[in-house]
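Notes to accompany the following structure.
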Amino acid sequence: MGSAVRALEFRDPARGRALARTLARLTQEIGRNPVSVMHVCGSHEQAIARFGLRASFPHALEVIMGPGCPVCVTDLPEVDEAVALALQGVRVATYGDIVRVRGTARSLADAQAEGGRIDVVYSVTQAIELARRSDEEVVFFATGFETTAVATAAALLDDPPPNLSILSAHKFIPPVMEIVAEMPATRVEGFLAAGHAATITGSAIFEAFVAQHGIPVVIAGFEPLDILAGLARLLELIRDGMPRVANMYPRCVTDAGNRVAQERLWRVFRAVGGCWRGIAHVPNGNLRLRDEWAARDARRRFRIDLGRAVDGTPHTLAPQCICGDIMAGIASPDRCPLFGTRCTPQSPVGACMVSSEGTCRIWHEYGGHPDLGATA
Amino acid sequence: MCLGVPGRVVEVDGFLAVVDFWGVRKEIRLDVVDAPVAAGDYVLNHVGFAIRRIPAEDVAETLALYETLLAELDAGDPMAADVRGELGAAGAARRG
Amino acid sequence: MTKARIELRHGAGGRAMRALIERVFVDGAADEARDGRLGLAAMDDGAAIPLGDRWLVLTTDSHVVQPVVFPGGDIGRLAIAGTVNDLAMMGAPDVLALTCAVVVEEGFPLADLERIQASMRATCIEAGATVVAGDTKVMGRGELDGIVLNTSGVAITDRVIPDSGLHAGDVLIVTGTVGDHGLAIMAARHGLALEGALRSDVAPLNDLVRHALAAADGTVVAMKDPTRGGLASALHEMAAKSAVGIVLDETEVPLTAEVRAAGELLGIDPLHVANEGKAVLGVRREAAADVLAALRAHPLGRRAAIIGRAVAERRGSVVVDTGFGRRLLVEPDGEPMPRIC
């Protein structure tokens with residue numbers, strides 16, 4: 001049947017309606033209620049919310065967002081390290097979203113208010129420019145998954161100014177899929193994988209996962225039709241009991257991926273176990289600089305004094321925050337007692353509300369997903 | 001992160017390219033792109049680095065989606081109105 | 001949780017601003033019942049005071065835009081058009097008179113002031129309006145950011161058109177492309193150079209409204225210009241005040257290619273940014289075609305389109321039909337922040 005996936009004109013509403021009907025038919029053929037699938041990419045959730053796709057999904061289909069927001073899964077000690085450096089007088093450059101996320105006691109924004117110098121950049125190349133302008137130490141606090149880590153690696157390999165170093169909080173997605181697949185509470189029957197990460201890693205990287213867990217993985221792009229078609233393909237595989245990897249984004253993803261990018265990535269980084277915020281330990285889930293790069297590793301270049309960073313009153317609402325459950329895909333924002341009332345984009349409590357890719361922030365921006373199933 | 005809009009390469013200078021995204025030009029690095037890139041090629045960009053050269057055969061398809069979209073929204077253009085009518089008719093035919 | 005200080009988002013035209021106005025300015029202003037006037041509590045585009053069997057419509061507006069000169073216009077044009085449009089949105093396209101007060105910072109270039117004045121005069125001629133009274137003040141360097149203009153306007157009309165007149169079944173029409181002004185300002189502030197240029201749409205709409213009302217004969221039941229807070233805010237207000245739901249057909253909202261591109265690249269939704277030369281009309285369904293034709297026959301209404309309808313469900317909410325599904329249109333709280341890829 002691969003016919004659910006003919007050539008796509010990515011924003012054609014007529015095809016969108018046809019795909020939505022296909023999803024309904026496939027869900028019915030599967031027969032379970034709900035059929036739960038998970039995606040692990042903030043950009044997928046943004047596209048789903050922006051286009052209101054959930055209103056077109058059949059009621060029995062549950063599309064859950066998993067731990068796909070890189071800022072949200074940056075752990076407390078990682079933020080504390082950046083905060084500590086800032087309080088120690090080191091200039092810290094980083095992507096904007098992480099600036100308001102609290103570590104144990106403070107966010108980088110708090111550190112800035114206390115005199116720390118924080119620069120918001122849109123690319124590691126801007127951090128390089130900052131380092132070029134003077135002799136002062138500049139640390140790039142590097143958040144993001146493997147696609148973003150590639151950029152950091154490329155920057156280092158291009159011999160940037162000696163006063164630039166990296167505090168890596170980069171993470172690697174495939175290992176966290178293992179965690180989710182192994183959670184006792186998990187109902188996830190299939191995964192939608194992020195098209196841009198797969199552009200780098202290739203689709204073959206999911207073969208071992210699929211073989212081990214018997215769960216299909218479909219790689220999808222980010223246009224509304226990409227997502228609908230990707231879900232249709234995933235439901236087909238679930239219906240037919242075929243745990244396979246299917247590439248529904250062939251214009252960008254190949255089996256082997258981008259070898260040049262991979263080579264750069266693994267020349268600079270290695271995968272180590274580490275904690276993801278709210279998820280706990282993920283084996284091989286963190287990307288840290290290899291020993292050859294010790295001189296560029298902020299953790300080894302500086303003596304980071306965490307004392308000041310963690311000194312302070314933890315946020316009073318923090319105990320009620322359920323970001324961890326939300327990120328693991330076992331709760332949704334509307335279950336959180338703080339969502340939209342005491343936790344809003346203007347005064348966020350948890351990381352999911354701070355980050356533009358956080359589930360709570362996306363839901364808040366697009367009105368959640370009330371039952372807006374299209375009427376005839 | 002944005003959805004990764006493909007941009008058109010305007011000029012290449014070593015590992016730097018000037019890329020055009022619907023009239024906005026940005027400097028993009030070519031350190032990690034998977035194929036040699038020349039002016040006229042289309043690339044997928046992520047945080048200032050090209051991560052994919054979109055092959056020629058896919059370019060027309062990818063471009064068509066954006067241009068059809070842009071044309072469809074130009075309500076004053078009689079040709080675009082035709083395109084929209086056709087798509088609507090195709091949808092109706094599928095439903096009927 | 002109450003904050004003790006005014007923040008920027010309180011001026012952005014969205015939820016925060018309305019809450020502030022309700023709390024500080026309207027609370028206790030129990031003037032609506034008296035002699036049938038539409039006063040502060042209604043929080044409409046202007047006030048309407050009965051004068052025999054006609055209405056005196058009155059409005060005031062302050063303008064603080066930065067940059068003061070932007071592609072497509074300047075603060076002078078904005079000041080005149082803004083007030084003329086507020087009157088027109090109340091159903092009063094024939095402006096009786098305008099006033100203009102200027103507060104200018106010491107050191108402001110005289111040539112710029114003259115340019116602004118020339119702009120105001122040209123816009124007045126376009127609108128068929130005259131500034132009959134004014135005031136000028138100068139503040140010390142650093143005490144004010146350049147210049148602030150306040151304009152007031154007065155007009156007389158036989159019929160006031162409020163924000164709140166929608167009923168289920170009515171159709172919503174926008175007079176042209178959306179997001180032009182807000183994105184032009186945003187791009188100017190962030191130094192985004194765009195081929196084909198983003199331009200503000202700032203323009204007086206009273207003549208366009210006159211034509212629409214002439215074609216409509218009582219069937220235009222609500223009108224609003226989507227300024228700060230954009231189309232999203234305007235639709236929310238109309239839905240809330242009329243106690244109806246609104247379904248917005250996103251694929252029908254006219255956008256220029258430049259606005260669409262800039263919106264995607266900056267991560268800003270054109271539905272959330274200001275328009276200064278557009279109006280949203282609520283029209284009885286049977287008259288929609290005529291009103292649309294009248295608008296499209298006018299130079300300022302060529303891209304007019306039916307973009308949605310009022311419904312009985314989900315009163316006070318705006319649902320967006322994206323073509324692929326539906327979502328709730330959340331009212332913006334403050335000024336949208338760009339997220340440059």
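The values are calculated or read from the model by the stated rules, or taken from the named source; none is laboratory data. Quick caveat, the model's predicted, so the values are computed rather than measured. Cβ placement follows ideal geometry from the backbone for every residue including glycine, while neighbour counts extend to all protein chains displayed.
If A:Phe141 meets every condition in (1) of a type outside the set (Gly, Ala, Ser); (2) part of a helix (DSSP H, G or I); (3) under 17 Å from A:Ala294 (Cα atoms) apart from one, which number is that one?
Answer for A:Phe141: the failing condition is (2).
Mind checking which residues of the stretch C:237-248 are closer than 11 Å to C:Ser164 by Cα and either assigned to a helix (DSSP H, G or I) or out of contact with any Leu (no Cβ under 7 Å at 6 or more places or on another chain) (or both)?
C:Glu237, C:Met238, C:Ala239, C:Ala240, C:Lys241, C:Ser242, C:Ala243 - these are the residues of the stretch C:237-248 that are closer than 11 Å to C:Ser164 by Cα and either assigned to a helix (DSSP H, G or I) or out of contact with any Leu (no Cβ under 7 Å at 6 or more places or on another chain) (or both).
Within the stretch A:250-282, count every residue that is in a loop (DSSP other than H, G, I, E, B) and more than 18 Å from A:Met177 (Cα to Cα).
Of the residues in that region, 9 qualify.
Counting only residues that are charged (D, E, K, R) and part of a loop (DSSP other than H, G, I, E, B), which one in the stretch C:163-184 is farthest from C:Ala234 (Cα to Cα)?
C:Asp170
If we scan the stretch A:62-72, do we find a residue that is touching a residue at least 60 places away in the same chain (Cβ under 8 Å), within 19 Å of A:Asp311 (Cβ to Cβ) and β-branched (Val, Ile, Thr)?
No, because not a single residue in the stretch A:62-72 is touching a residue at least 60 places away in the same chain (Cβ under 8 Å), within 19 Å of A:Asp311 (Cβ to Cβ) and β-branched (Val, Ile, Thr).
Matching residues to (1) more than 14 Å from chain B (Cβ to nearest Cβ); (2) not small (Gly, Ala, Ser):
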| site | (1), (2) |
| --- | --- |
| A:Val217 | yes, yes |
| A:Glu223 | no, yes |
| A:Ile227 | no, yes |
| A:Ala232 | yes, no |
| A:Arg239 | yes, yes |
| A:Pro250 | no, yes |
| A:Asp255 | no, yes |
| A:Arg259 | no, yes |
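Does A:Gly241 satisfy being small (Gly, Ala, Ser) and either over 30 Å from B:Pro6 (Cβ atoms) or part of a strand (DSSP E or B) (or both)?
Yes; evaluated as a whole, the condition is true for this residue.
On the given criteria, is A:Gln320 touching a helix residue (DSSP H, G or I) at 6+ places or on another chain (Cβ under 8 Å), loosely packed, with under 15 Cβ neighbours inside 10 Å and not acidic (Asp, Glu)?
It is false that A:Gln320 is touching a helix residue (DSSP H, G or I) at 6+ places or on another chain (Cβ under 8 Å), loosely packed, with under 15 Cβ neighbours inside 10 Å and not acidic (Asp, Glu).
Going through A:Ile179, A:Ile173 one at a time, which residue ends up being among the aliphatic types (A, V, I, L, M), surrounded by fewer than 20 Cβ atoms within 10 Å (Cβ to Cβ) and within 16 Å of A:Gly68 (Cα to Cα)?
A:Ile179
On the basis of being within 14 Å of chain B (Cβ to nearest Cβ) and either within 27 Å of A:Gly116 (Cβ to Cβ) or buried (at least 21 other Cβ atoms within 10 Å of the Cβ) (or both), does A:Ala153 make the cut?
Considered against the rule, which asks whether it is within 14 Å of chain B (Cβ to nearest Cβ) and either within 27 Å of A:Gly116 (Cβ to Cβ) or buried (at least 21 other Cβ atoms within 10 Å of the Cβ) (or both), A:Ala153 comes out as yes.
Just for helices (runs of 4 or more DSSP H) wholly inside the stretch A:285-376: which have at least 1 residues that are at negative phi and within 11 Å of another protein chain (Cβ to nearest Cβ)?
Passing ranges, in order: A:359-365.
Scan the stretch A:223-252 and report the pairs whose first residue is farther than 15 Å from A:Leu19 by Cβ and whose second residue is part of a loop (DSSP other than H, G, I, E, B) and of a type in the set (Val, Ile, Thr), with Cβ atoms within less than 8 Å and a gap of 6+ or a chain change.
Listed by first residue and then by second, the contacts come to A:Pro243/A:Ile215; A:Asn247/A:Val253; A:Asn247/A:Thr254.
May I ask you to say which residue of A:Arg300, A:Arg308, A:Arg361 is basic (Lys, Arg) and under 25 Å from the mean Cα position of the chain (by Cα)?
From the options A:Arg300, A:Arg308, A:Arg361, the qualifying one is A:Arg361.
Report, by residue number, each residue of the stretch A:46-77 that is in contact with a Gly (Cβ under 7 Å, 6 or more places away or on another chain) and assigned to a helix (DSSP H, G or I).
Residues satisfying the conditions are A:Leu53, A:Arg54, A:Ala55, A:Leu76.
Across the stretch B:4-45, what is the total count of residues that are away from chain C (no Cβ under 14 Å) and not charged (D, E, K, R)?
16
Take the residues in the stretch C:159-180 that are acidic (Asp, Glu) and closer than 21 Å to C:Ala274 by Cβ, then tell me which one is surrounded by the fewest Cβ atoms within 10 Å (Cβ to Cβ).
Filtering first and then ranking leaves C:Asp163.
For C:Pro50, only one of the following conditions fails: (1) in contact with a helix residue (DSSP H, G or I) (Cβ under 6 Å, 6 or more places away or on another chain); (2) modelled with pLDDT of 95 or more. What is its number?
Only one criterion in (1) in contact with a helix residue (DSSP H, G or I) (Cβ under 6 Å, 6 or more places away or on another chain); (2) modelled with pLDDT of 95 or more is unmet by C:Pro50, namely (2).
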